[in-house]
Structure formats: C-alpha cells, structure tokens
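Since every read-out is calculated from the coordinates, none of them should be taken as a lab result. Source: prediction; values computed, not measured. Glycine gets a Cβ as well: all are built from the backbone with ideal geometry, and neighbour counts include every protein chain shown.
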C-alpha cells in the first residue's frame with residue numbers, strides 16, 4: 001500500500017511504547033495500519049518477524065506469544081497509510097487530533113477529533129458540527145447561481161431572507177434586542193426585548209422608549225418638491241370584501257381605551273391623544289377631517305369652543321359656551337319685602353348657548369313678606385351691556401294667574417336691564433302703549449308665574 005505523499009526520506013518515525021506483562025498478547029496502537037510491514041516492532045530489543053511474531057488489524061497489534069514480563073515493546077510506524085478497504089487514521093504525534101475514516105466497518109463516516117474531542121463528522125451530503133463546536137467563516141456562497149443558501153429552513157438569497165415556515169427571532173426569550181438599520185438611521189426598526197419586565201417595546205425610526213409600547217420616531221427628512229408628506233399614513237388600497245353576513249365594524253384605524261390598572265394616580269388618560277397643532281402652515285389644525293360625516297356617540301369636551309360655519313378660526317363664529325340646568329327662583333320688590341316661592345315649584349330651567357340664555361318654567365307663590373315696589377325675578381346669569389337704548393329690552397312671554405287683580409294678565413312684559421342679574425315686570429296699557437310697574441297692588445299673597453324669556457349674557 002503506498003504512503004500518503006512521498007516516501008519517508010528524512011525526519012523521525014512516529015513510535016509508540018508498551019510494556020509486556022508475560023500474559024497480554026494484544027496491544028492497541030495509536031494509528032491504524034494496513035498490514036504487518038507498515039510497522040517495525042521490537043520486544044526486549046529484539047526485532048520481531050512480521051506475520052510470524054505478530055499480526056495487525058487496524059489499530060490492534062497481536063503477538064503470537066506474550067512478551068516477557070517487563071520487556072519494552074517499541075512500535076515504529078513506517079508511514080501513515082490510508083486503507084480504503086479498512087478503517088484508517090491520520091493523527092498527530094500525541095494522538096489527540098486526528099481524522100478517522102470509518103470507525104466501524106462500512107460506516108461511511110469521516111470523524112474529525114481536535115484536542116481530544118470529536119468536533120465534526122462528515123457523511124454523504126452532510127457536514128455536522130457537534131454540540132459545542134462552531135463553524136467560523138467570512139463567506140458562505142451559493143454553489144448554483146440564483147439558488148441562494150439555506151440554513152435550517154432560512155433562505156438567504158440576493159440580499160433577501162425568507163423562511164419556509166414561521167420565522168422567529170429570540171425564541172429563547174432572552175433579553176436580546178432586534179434592530180434593523182437603514183442607510184442613515186441605526187434604528188429604522190428596533191425591538192427592546194427587556195422593556196416593561198420582558199414584555200418588550202418597539203421603536204420605528206428611533207430606539208424604543210422606556211415609556212412607550214410602540215414609538216414612531218420623528219426623524220428629520222427632506223420631502224420631495226411640490227409634494228405632500230405624511231409622517232404616518234394608512235392607505236387601504238386593497239378592497240375589504242365581506243362575502244356574506246353582516247360585518248358589525250369595518251375601519252381603517254381602530255383604537256380602544258388603554259385598559260389602565262393603577263395603584264397610583266393618573267391625571268389624564270385618553271384612547272387617542274393629539275398633543276398639539278402645527279403652526280407653520282397657512283391653515284393649522286390639530287385634527288382635520290377632510291370630508292364626510294363625523295359621529296361622536298359620547299360627549300364632546302371642547303375647552304376652546306367650536307367655530308361653526310367657517311373653514312378657519314373666526315372669532316365671530318366661535319361657540320365657546322353651552323350649559324343646561326335649573327336654578328332656584330326668588331321674587332323680591334324694588335322698595336322692600338318679598339314673596340315666598342313654594343318649595344315644590346320654585347325652579348326654572350335654563351339653556352345657555354354662547355351668550356344667549358333662555359329660561360322657561362312656572363313658579364308658585366304661597367306667601368308674602370311686606371312687599372313694596374316693582375316685582376323683581378332673579379336670573380341665572382348677568383345680562384350683557386352690549387345693547388343700545390340704555391342696554392334694555394322687553395320680553396312679553398310672562399303670564400300671571402290666580403292673583404287679586406283681574407287686569408294683571410293683560411300685556412305683561414319682562415324688562416331686562418343690561419349688566420343686571422334680574423328681570424322686572426311691567427304692564428302695558430292697551431291702546432296707548434304706556435307702561436306701568438307691576439307691584440304689590442297687582443298681586444296678592446298666592447299666585448303663579450309662567451315665563452319664557454331669552455336674553456344675552
């Protein structure tokens with residue numbers, strides 16, 4: 001059998017030493033050899049005759065007779081050989097690093113041992129790195145053009161990565177981040193797996209934040225000339241098809257309440273929060289609904305008011321106040337005294353829309369306390385000083401009933417004075433238009449008042 005490489009001309013022969021004990025005939029060599037002539041064997045400094053004194057089979061040296069007790073046995077390997085028909089080994093001088101072909105007959109396996117441990121095996125169409133071993137390389141290239149390289153179901157091809165099944169990153173659940181870089185942004189997409197006790201957070205355009213589940217960063221960009229630009233845009237270009245039945249809801253964006261469990265105090269919470277409006281445009285809005293009907297099933301709080309009927313904020317079109325309620329009516333007299341309003345019927349309802357206040361209702365008087373002078377009814381809001389003619393006007397929706405004077409119901413009006421929180425009452429003489437005060441002479445101690453009155457606050 002030929003040697004691997006050239007015949008030995010210079011250098012040391014690899015050797016191995018054993019000690020006889022007078023009974024052992026078989027010894028295990030560090031190398032597998034092809035036949036008896038591949039080694040030189042001495043025992044007790046006597047050269048042993050191949051085949052006659054010993055035989056070999058792979059790594060086993062078997063003597064015909066057991067060497068004497070204490071005899072030194074030297075085995076010198078005359079060359080490292082590979083026997084394609086039997087197991088063979090290539091190894092270093094201390095025998096801890098080797099390549100072994102077929103550990104057992106017809107195994108068809110090549111084993112690679114390094115520093116005393118089996119690190120790699122090779123079989124038909126398979127190269128295996130055993131547990132604890134690592135394959136390190138700078139480049140893995142495809143052997144067939146346009147097929148890519150597959151690593152355990154993960155295909156890497158032409159700069160793209162695809163999976164033949166589910167693609168999972170950090171399946172072990174370690175505190176390891178996942179990050180995708182763009183050309184100029186190191187955090188085009190960032191997952192911080194350690195945030196919020198391991199729940200994790202996501203950053204798009206910037207690093208994940210300690211206070212936000214999903215954060216879209218406001219990176220500086222230069223928009224195209226004469227082109228619109230959006231920080232985030234959801235474009236439902238493909239149709240949503242409802243094949244049958246009834247879909248209760250279909251929406252481009254659906255937002256639910258944040259589901260807060262708080263042992264501390266939350267000052268303000270919202271399902272959707274718009275923090276501010278821009279200031280750089282011709283028209284600036286915190287929220288812009290371009291078309292269609294807007295519906296709010298719940299109440300709407302507009303602290304700054306609502307501009308109605310205009311496309312920009314015009315002061316004259318600002319509705320900044322609305323209130324509904326009731327208030328307790330009191331009746332006094334201009335000079336002195338008062339009337340007692342029955343507790344069972346002493347409230348009037350009001351509605352305030354912007355500056356316009358409307359009151360409506362009926363009250364009942366069940367007593368008096370030395371009334372003297374013109375009758376006065378309180379109002380829920382002070383009247384405005386914005387009118388001409390002494391800032392006053394009349395309202396004629398006032399009806400008195402069950403009083404002593406039969407003429408009192410004729411042409412009763414309420415007189416509203418600017419800057420006051422009261423309304424006084426007058427009678428207008430039929431045919432002349434002259435007015436006279438409605439006072440205690442027109443009323444007794446028990447009567448009713450039905451009123452509908454509007455004024456500017």
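Beta bridges from DSSP with both residues in the chain: antiparallel share about 95 percent, rounded to the nearest 5.
Would you compute the Debye intensity of the range 100-143 from its alpha-carbon atoms alone, equal scatterers and no solvent, and pass along log10 I(q)/I(0) at q = 0.21 Å⁻¹ to two decimals? Summing over Cα pairs of the range 100-143 leads to -0.79. Computed from the C-beta positions of residue 196 and residue 248, the FRET efficiency with R₀ = 41 Å rounds to 0.80. Rg/Rh, computed from the Cα trace of the chain with Rh as the Kirkwood radius, has the value 1.47.
Extent of the range 15-95 along its three principal axes (Cα atoms, max minus min coordinate, largest first): 35, 26, 18 Å. Taking each residue as 0.36 nm, the span from residue 226 to residue 149 lengthens on full extension beyond its C-alpha to C-alpha distance by 23.3 nm. Based on C-alpha pairs under 8 angstrom that are at least 6 apart in sequence, the range 15-95 has a relative contact order of 43 percent.
Note on residue 131 and residue 176: the model spin-label points, each 7 Å out from Cα along the C-beta direction, lie 1.9 nm apart. Counted by neighbouring Cβ atoms within 10 Å, the residues 415, 322, 230 run from fewest to most as 230, 322, 415. Pairs of Cα atoms nearer than 8 Å and 6+ residues apart set the relative contact order; for the chain it is 7 percent. As a proxy for reagent exposure, ranking 319, 253 by other Cβ atoms within 10 Å from fewest up yields 253, 319.
Here 29, 452 are placed in order of increasing Cβ neighbour count within 10 Å, fewest first, which gives 452, 29.
Full extension of the segment from residue 344 to residue 445, taken as 0.36 nm per residue of separation minus the current Cα-Cα distance, would add 34.7 nm.
For the listed peptides 100-107, 232-239, a ranking on the average number of other beta carbons within 10 Å per residue, highest first, reads 100-107, 232-239.
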